[in-house]
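Working notes, structure below.
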Amino acid sequence: LVEMLLERNAKRVVCFDVLPPNETLLDRFQKAASESTSSFEIISGDLTSKKTTIDACEDIDIVYHIAALVGPFHDRSKYMAVNYD
């Protein structure tokens, strides 16, 4: 999604994730941004932290929430915190 938004000249793209992108993905983001008028920022943080999430969304007009926990790997409270709360 980050790469597509950059390619489509989104003014500013913020990628908020628990882990930073690997080098290959970061290179793709940089290439897409260099070929457009877009800028991007990578923020690593905990989606279940209200303050961190609010800070990451500062001056943001649209949020695409594509983070989710799926499968039988976590306890119910973690699914609720990431996917619902």
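Rule-based calculations on the coordinates, nothing more; no lab input. Note that this is a predicted model, so its numbers are computed, not measured. Here the Cβ positions follow ideal geometry from the backbone for every residue, glycine too, while neighbour counts run over all protein chains shown.
Some observations on this one:
- Neighbour-limited loop hits for GluC sites (Glu not before Pro), the chain (at most 11 other Cβ within 10 Å; DSSP other than H, G, I, E, B): 35, 58
- Mean separation of Cα pairs under 8 Å and 6 or more residues apart, divided by the residue count, gives the chain a relative contact order of 28 percent.
- Quick note on the chain: its Rg to Rh ratio, both from C-alpha atoms and Rh being the Kirkwood radius, is 1.01.
- Across 31/51; 50/78; 11/50, pairs whose alpha-carbon gap is larger than 23 Å: 31/51; 11/50
- Dipole orientation for the chain: of the candidates 54, 68, 2, 68 has the Cα lying most toward the positive pole (charges on Cβ; Lys, Arg +1; Asp, Glu -1).
- Estimated inter-spin distance, residue 31 and residue 69, nm [label 7 Å along Cα→Cβ]: 3.5 nm
- Length available on full extension from residue 8 to residue 49: 0.36 nm per residue minus the Cα-Cα distance, which gives 11.7 nm.
- The trypsin sites (Lys or Arg not before Pro) of the chain that meet both conditions, a loop assignment by DSSP and at most 16 other Cβ atoms within 10 Å of the site Cβ, are 8, 11.
- For the chain, the list of chymotrypsin sites (Phe, Trp or Tyr not before Pro) that fall in a loop by DSSP and count at most 12 other C-beta atoms within 10 angstrom reads 64, 73, 84.
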